[in-house]
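Everything below concerns the one structure shown next.
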Amino acid sequence: MKAQVYKDPRPAEHFARFHTRTRTRRPDWVYELVRLLLTPYLLFFYRARCIDSGNLPAEGPVIIAPNHFSFLDHFFVAVYLRRKVHFMAKSQMFKPPLQFIYTHGGVFPVRRGHSDEEAFKTAHAVLARGDVVVMYAEAGRSRSGELGKPRHGLGRLALESGAPIVPTAIAGTERARNWKRLQFPKVTVQFGEPIRFEQVPEPTRDQAQVASEVVFERVRSMHGRLCKEGRRSVVKAARAARRAAEGAARRPVRLD
């Protein structure tokens, strides 16, 4: 297993241009090109399937909060969504030549190993214009194959912005590292019902941590069910729930 670099030695000024671009411009043609090229790969080799993408609000600011096992998680989250999403990613990824794809494709850096306020400013700018931010609750990849522990950053962004959070479970990518052995696990992405916290302009670290744990508990529950019961069972349950909700919506209200 390749050792990870947990602190980026480059100065904060090095990443200023990436933040400026994300704050002022949405993802462009590069985003669409990458999606066009990767979609067949993800669908054919990994048999990717999405459950309950309708839980993502059609407009307005949204935070998507998935678990994180693989660098492919970004793409599995976005492939089924009509809305373009912005990704918060570790700063070590921002090196030529791929940094061109990242910056034009909606990715912005978190300076790893440092308290990076610029990353939060960029996330707030994206949400303020009504767009979508993907932020991993674990603040990094789990390399053990098991879900990690939530960090306070997700809760902080949610509380400061007041934006709804969509807890998201990704099952299967914990085994995606085996592609060199021609092993392509079946991957499922499930979007949960949005959670919205009362806005807190300056949350404490403890408040932020509690909010992160509330969200990640939903993620953990969905992920556990996907792994235990399998995709087919969860899809059937999701369809039944939608039919029940639609039936209740059509049922006339009785006045006693």
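Points to keep in mind about this one:
- Any hit, the stretch 63-73, residues being open to solvent by 50 Å² or more (accessible area, probe 1.4 Å), under 15 Å from the mean Cα position of the chain (by Cα) and under 26 Å from H14 (Cα atoms): yes
- Selection from the stretch 213-235 of residues that are over 17 Å from the mean Cα position of the chain (by Cα), assigned to a helix (DSSP H, G or I) and under 13 Å from Q190 (Cα atoms): G224, R225, L226, C227, R231, R232, S233, V234, V235
- Among the residues of the stretch 82-102, those that are assigned to a helix (DSSP H, G or I) and either buried (at least 20 other Cβ atoms within 10 Å of the Cβ) or among the acidic types (D, E) (or both) comprise S91, Y102.
- Residue that is surrounded by the fewest Cβ atoms within 10 Å (Cβ to Cβ), among those in the stretch 103-121 that are part of a helix (DSSP H, G or I) and in contact (Cβ under 8 Å) with a residue 60 or more places away in the chain: K121
- Restricting attention to the stretch 33-59 and to residues that are open to solvent by less than 80 Å² (accessible area, probe 1.4 Å) and of a type in the set (D, E, K, R), the residue that is nearest to G172 (Cα to Cα) turns out to be D52.
- Near pairs, Cβ below 7 angstrom, 6+ apart or cross-chain, from the stretch 32-59 (assigned to a helix (DSSP H, G or I)) to any residue that is open to solvent by 40 Å² or more (accessible area, probe 1.4 Å) and not polar (S, T, N, Q): V34/I101; L38/F75; L42/F75; F45/F184; S53/Y80; N55/E193; N55/P194
- The single condition among (1) open to solvent by 10 Å² or more (accessible area, probe 1.4 Å); (2) under 20 Å from F75 (Cβ atoms); (3) in contact (Cβ under 8 Å) with a residue 12 or more places away in the chain; (4) part of a loop (DSSP other than H, G, I, E, B) that A137 does not meet is (1).
- All conditions but one from (1) farther than 19 Å from G54 by Cβ; (2) modelled with pLDDT under 95 apply to Q209; the one that does not is (2).
- The residue that is surrounded by the most Cβ atoms within 10 Å (Cβ to Cβ), among those in the stretch 149-173 that are among the β-branched types (V, I, T) and farther than 21 Å from V210 by Cβ, is I170.
- Test result for E146, open to solvent by 20 Å² or more (accessible area, probe 1.4 Å), more than 17 Å from H19 (Cα to Cα) and either touching a strand residue (DSSP E or B) at 6+ places or on another chain (Cβ under 9 Å) or assigned to a helix (DSSP H, G or I) (or both): no
The values are calculated or read from the model by the stated rules, or taken from the named source; none is laboratory data. Since the model is a prediction, treat every value here as computed from it, not as a measurement. Glycine gets a Cβ as well: all are built from the backbone with ideal geometry, and neighbour counts include every protein chain shown. Calculation scope for accessible area: heavy atoms of the full protein, side chains included, ligands and nucleic acids excluded. Shrake-Rupley method; radii C 1.70, N 1.55, O 1.52, S 1.80 Å.
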